[in-house]
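Right, one structure below, let's go through it.
The values are calculated or read from the model by the stated rules, or taken from the named source; none is laboratory data. Quick caveat: nothing in here was measured; it's all calculated off a predicted structure. Every residue, glycine among them, receives a Cβ derived from its backbone with ideal geometry; neighbour counts consider all protein chains shown.
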Amino acid sequence: MILQRIKEYIDLKGISISAFEKSIGMSNASFGRSLKNNGAIGTDKLENILRIYQEINPDWLLTGQGNMVRSGSKITLPPPVTEKKGIPLISYQTLPTLFTGKKGTFSQATEYFSLPLFNEADFLIPVKDNSMAPQYKGGDIIACKCLSNEGLFFQWNKIYLLLTPQGALIKRIHPGKDEEHLTLVSDHTDYPPFQLHRSLIGNVALVLGGLSAE
């Protein structure tokens, strides 16, 4: 349903329904009423949405097919919430504490963000380089879910964050040359794939999605 997809976008964008209504020329509370009553939205309002929020993929909005945002676009990270609720934006120095059961030990400088679409995420972290471009560029923010090493299995071609002796690596995972290895693949062609022995993987997080910090 189009209205439900619009609500998903509003939640991820981190804006209020009233602000969204005002931005596209809807009367106050009309979107909420239409959503509650399984109503429709006018063609003129859909045109306004696609004109004002240009990162939205029209195919996704109208049919539910494809990704929420256009290729090469990302949702802008909303302002942080004032209380320590939501998903923490952490540094790479803080990252190991997430896998030790010490999620409450972040510094007071850590910011928290409300991102309902990524409500399964344990943390947000900036991307350090362009090896996963154009999917994720340096400076983008990725939402990650910590995975238990017990019974861990990888979904081939999914993007993971791996803690290794070389530091944190953000790569797609493909089968390795044998059962003891994995092939780590970058999206950017300047970064060739390489083999990594499974024993060198300390902890793993699944990348759920990305946002632009700009």
* Within the set of pairs 6 or more residues apart or between chains, which connect a residue that is farther than 12 Å from Ala143 by Cα inside the range 83-94 to a residue that is modelled with pLDDT of 85 or more and surrounded by fewer than 20 Cβ atoms within 10 Å (Cβ to Cβ) with Cβ atoms less than 6 Å apart? -> Tyr92/Ala168
* Asked: Looking at this structure, is Asp11 modelled with pLDDT of 85 or more, in a helix (DSSP H, G or I) and of a type in the set (Asp, Glu)?
  -> no
* Of the residues that make up the range 168-182, is at least one assigned to a strand (DSSP E or B), among the small types (Gly, Ala, Ser) and buried (at least 19 other Cβ atoms within 10 Å of the Cβ)? -> no
* Structure fact -> Only one of (1) farther than 25 Å from Ser186 by Cα; (2) at pLDDT 80 or above does not apply to Asp129, and that is (1)
* Sole exception among (1) small (Gly, Ala, Ser); (2) touching a strand residue (DSSP E or B) at 6+ places or on another chain (Cβ under 6 Å); (3) surrounded by 14 or more Cβ atoms within 10 Å (Cβ to Cβ); (4) over 16 Å from Leu89 (Cα atoms) for Ser212, by number -> (4)
* Asked: Which condition number in (1) in contact with a Leu (Cβ under 8 Å, 6 or more places away or on another chain); (2) at pLDDT below 80 is the one that Ser27 fails?
  -> (1)
* Asked: Only one residue in Arg33, Arg51, Arg70, Arg5 is modelled with pLDDT of 80 or more and surrounded by 14 or more Cβ atoms within 10 Å (Cβ to Cβ). Which one?
  -> Arg5
* **Hits in the range 34-62 - residues which are part of a loop (DSSP other than H, G, I, E, B) and of a type in the set (A, V, I, L, M, F, W, C)** => Ala40, Ile41
* Subset tally (residues that are in contact with a strand residue (DSSP E or B) (Cβ under 9 Å, 6 or more places away or on another chain), over 23 Å from Ser16 (Cα atoms) and part of a loop (DSSP other than H, G, I, E, B)) for the range 114-138 -> 10
* **Condition met for Ser91 (assigned by TED's automatic domain parsing to the domain that holds Ile141, at pLDDT 85 or above and surrounded by 12 or more Cβ atoms within 10 Å (Cβ to Cβ))** => yes
* **the range 191-214 residues that are within 13 Å of Asp140 (Cβ to Cβ) and among the hydrophobic types (A, V, I, L, M, F, W, C), paired with ones that are modelled with pLDDT of 95 or more and part of a strand (DSSP E or B) (beta carbon under 9 Å, 6 or more apart)** => Val207/Ile159; Val207/Tyr160; Val207/Leu161; Val207/Ile170
